[in-house]
Amino acid sequence: MRPRLRSVAVCAGAGGLALGLEQAGFDPVLLLDNKAVACETLRANRPAWNVLNLDLVDFDPVDHEQTYDVDLLAAGLPRVKAAASVGRAERDDELDLLKATIMLMHGIRPRALLIENVPDLVTKPAYGPIREYITEELTHLGYDVLGFVINAVDFGVAQDRKQGVLVALEDGLLDSFTPPTASVTRHRTVGEVLGASMAERGWRQASVWAAQADRPAPTLVGGSWNRGGADLGPTGTKRAWARMGVDGGTVADDVPGPDFDWDPSRGRSGMMPLTVRQTAILQGFPLDWSFAGRKTAQYRQVGHATPPPVGRALGEVIASALEARLDRTDSVDDGRSGKPLAGPAPGAAAPGNL
């Protein structure tokens, strides 16, 4: 059995990415986030995790030598804007965090890097200068970089949630890496995963509602930490929820009681909002994962999180590539194996560099 791998998680949030990576065999030596409430969430669910409440741009690995030479640096970064310029002098929080992550690679020299962000970071020409900056910095350090898009709905999450992913691997291991492929053959629906929770207080129409909520959820949007209350996203997202009879304009304190009259023709008064726990279910969090803070802060954490099943899928393919390095070392050491080095699975699409 292979030993478990070690990771550092920055911008760890509520722990969705770290939880998925834990399931894939990565134990964090340090988790970092600048939100105190997110750190409370991490400590409540994993008391043994080493959690640091600090802004990434102020983090110095010299003060945390356990982060040196880990297997993986994982970053669930805030959404970088296309208009951000890597050469600008003015402050840009999201881009500063991205650059701090890349600079951290110089200090801790992990064997792999995982960054999750918007799909456009990988696909759109407007993000070209940012991709060039990342590739140049990491290539200089001896890493190969690959970008791809992954959709949570393909990994058992009942949500159409596309994410842009950047993976960097050292020592030519990109030849042994293949992006994860779908783990399910059928997409789960909102009604399927939330039907039981809607019926918890005896709501008589729960099964009727669940039957018509027959599609995956639109992308949950956490919104700004600095303004506004909790809602499920912009206008288009709220319309998509309304088509399933859900009020996307707020987040509920509890699920409907037995006498709630569900009648979407009456508008918001005839629809029920989701609870924080239900949004966490839609993100693929386990039922026993708790969130610190008041309702809006809890929902912000859920909406900004990487779904744990996505984190697990990404962690498993990164772990496989790192194990290929160990296989390669073992082969060289014993000199007896005539087998070729590990590579992409037969029939898998070959990855391409950025």
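Every number in this text was worked out from the coordinates using simple rules, so none of it is lab data. Nothing here was measured: the structure is a model prediction, and the numbers come from that model. A quick note on method: Cβ atoms are made from the backbone with ideal geometry, for glycine too, and the neighbour counts reach across all protein chains shown.
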- When DSSP assigns beta bridges and you keep just the ones with both residues in the chain, what percent turn out antiparallel, to the nearest 5? 45
- Item | Neighbour-count ranking [beta-carbon atoms within 10 angstrom, fewest first] of Ile134, Ile108 | Ile108, Ile134
- Message: Past 24 Å, Cα to Cα: identify those pairs from Lys35/Lys99; Lys35/Lys238; Lys81/Lys295; Lys81/Lys162, in the order given.
- Response: Lys35/Lys238; Lys81/Lys295
- Task: Kindly write out, for region 270-283 in residue order, the coupling ³J(HN,Hα) from the Karplus curve 6.51 cos²θ - 1.76 cosθ + 1.60 (θ = phi - 60°), rounded to whole Hz, with x marking Gly and Pro.
- Result: x, 10, 10, x, 8, 8, 4, 4, 5, 5, 5, 4, 5, 8
- Message: Please arrange Tyr127, Tyr133 by how many other C-beta atoms lie within 10 Å of their C-beta, fewest to most.
- Response: Tyr133, Tyr127
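Ranked highest first by average number of other Cβ atoms within 10 Å, how do 184-190, 32-38 line up? All intermediate terms of the calculation are to be shown ahead of the outcome.
On the way: 184-190: 15.0, 32-38: 21.0.
Going from most to least packed, we get 32-38, 184-190.
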- Item | Under Karplus coefficients 6.51, -1.76 and 1.60, residue-wise ³J(HN,Hα) of region 180-186 in Hz, glycine/proline x | x, 9, 3, 9, 10, 9, 9
- Based on the alpha-carbon gyration tensor of the chain, what equivalent-ellipsoid semi-axes (square roots of 5 times the eigenvalues) come out, in whole Å, largest first? 37, 23, 19
- Query: Tell me, in nm to one decimal, what length is gained between Asp96 and Asp288 on full extension, where the rule is 0.36 nm per residue of separation less the Cα-Cα distance?
  - Reply: 65.7 nm
- Between region 136-160 and region 214-249, what is the C-alpha centre distance in whole Å? 25
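Averaging the inverse of every distinct alpha carbon separation and then flipping it gives the Kirkwood radius. What is it for region 221-305, in angstrom units?
On the way: mean 1/r = 0.0751 Å⁻¹.
About 13.3 Å for region 221-305.
Just rank Phe155, Phe26, fewest to most, by other beta-carbon atoms within 10 angstrom. Walk me through the numbers on the way to the answer.
Working: Phe155 23, Phe26 29.
With the sparsest Cβ surroundings first, the list reads Phe155, Phe26.
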- The computed P(r) of region 67-180 puts the percent of Cα pairs beyond 22 Å at 33
